[in-house]
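Starting off with a structure, shown below.
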């Protein structure tokens, strides 16, 4: 889906409309932006991580990798526009169960359908580092404003 360089076919739009809550206009707008950044119509792991970390400079590289894996439904190693839109739809508009299943993909590192103790420890470390960095940023901001 979305492999052509500049245009999303009507059938691709219709497929996304059946699988997402986004409007046709929103899908076309997202596609224009996606193709501007990724003219091939796909984004590989490295480009995704760089893009994510550019938008979120304090992001942990491990978290970026996990996020990519959660978006990469077919485990191809790169994301199509369709995969990204469907994944975004789940995170924005999905039910609680859909969101939990999506998050589960971030925890299940080896893709075996279970989350092991070590996988839980790994994600908790990533989350702890993220929250710690946010707390430190807030403290620095408060100290700067207090002066």
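How about the stretch 83-100: which of its residues are surrounded by 13 or more Cβ atoms within 10 Å (Cβ to Cβ) and either at pLDDT below 90 or not in a loop (DSSP other than H, G, I, E, B) (or both)?
Those that are surrounded by 13 or more Cβ atoms within 10 Å (Cβ to Cβ) and either at pLDDT below 90 or not in a loop (DSSP other than H, G, I, E, B) (or both): 83, 84, 85, 86, 87, 88, 89, 90, 91, 98, 99.
Also, quick follow-up: Would you please name the residue that is farthest from residue 102 (Cα to Cα), looking only at residues in the stretch 51-61 that are surrounded by fewer than 16 Cβ atoms within 10 Å (Cβ to Cβ) and touching a helix residue (DSSP H, G or I) at 6+ places or on another chain (Cβ under 9 Å)?
Among those residues, the one meeting the criterion is 58.
Has the stretch 14-36 got any residue that is more than 18 Å from residue 130 (Cβ to Cβ), in contact (Cβ under 8 Å) with a residue 40 or more places away in the chain, outside any loop (DSSP other than H, G, I, E, B) and within 15 Å of the chain's Cα centre (by Cα)?
The answer is yes, given that some residue of the stretch 14-36 is more than 18 Å from residue 130 (Cβ to Cβ), in contact (Cβ under 8 Å) with a residue 40 or more places away in the chain, outside any loop (DSSP other than H, G, I, E, B) and within 15 Å of the chain's Cα centre (by Cα).
Can you name the number of the only condition in (1) under 22 Å from residue 91 (Cα atoms); (2) loosely packed, with under 15 Cβ neighbours inside 10 Å; (3) at pLDDT 90 or above that residue 11 fails?
Of (1) under 22 Å from residue 91 (Cα atoms); (2) loosely packed, with under 15 Cβ neighbours inside 10 Å; (3) at pLDDT 90 or above, only one is false for residue 11: (1).
In this structure, does residue 125 turn out to be modelled with pLDDT under 75, part of a helix (DSSP H, G or I) and surrounded by 10 or more Cβ atoms within 10 Å (Cβ to Cβ)?
No: the conditions fail for residue 125.
Moving to a separate point now. Restricting to the stretch 108-121, name every residue that is modelled with pLDDT under 85 and surrounded by 12 or more Cβ atoms within 10 Å (Cβ to Cβ).
Result: 109, single match.
For the stretch 62-76, name all the residues that are in contact with a helix residue (DSSP H, G or I) (Cβ under 6 Å, 6 or more places away or on another chain) and free of Cβ contacts under 8 Å to residues at least 60 places away in the same chain.
64, 68, 70, 71, 73
Can I ask one more? I'd like to verify a number: residues in the stretch 47-61 that are free of Cβ contacts under 8 Å to residues at least 12 places away in the same chain and under 13 Å from the mean Cα position of the chain (by Cα), how many?
Summing the residues that are free of Cβ contacts under 8 Å to residues at least 12 places away in the same chain and under 13 Å from the mean Cα position of the chain (by Cα) in the stretch 47-61 gives 5.
Among the residues of the stretch 130-143, is there at least one that is touching a helix residue (DSSP H, G or I) at 6+ places or on another chain (Cβ under 7 Å), surrounded by 14 or more Cβ atoms within 10 Å (Cβ to Cβ) and modelled with pLDDT of 75 or more?
no
The values are calculated or read from the model by the stated rules, or taken from the named source; none is laboratory data. Since we're looking at a predicted model, the values are computed, not measured. Counting neighbours? That spans all protein chains shown, and the Cβs are built from the backbone with ideal geometry, glycine included.
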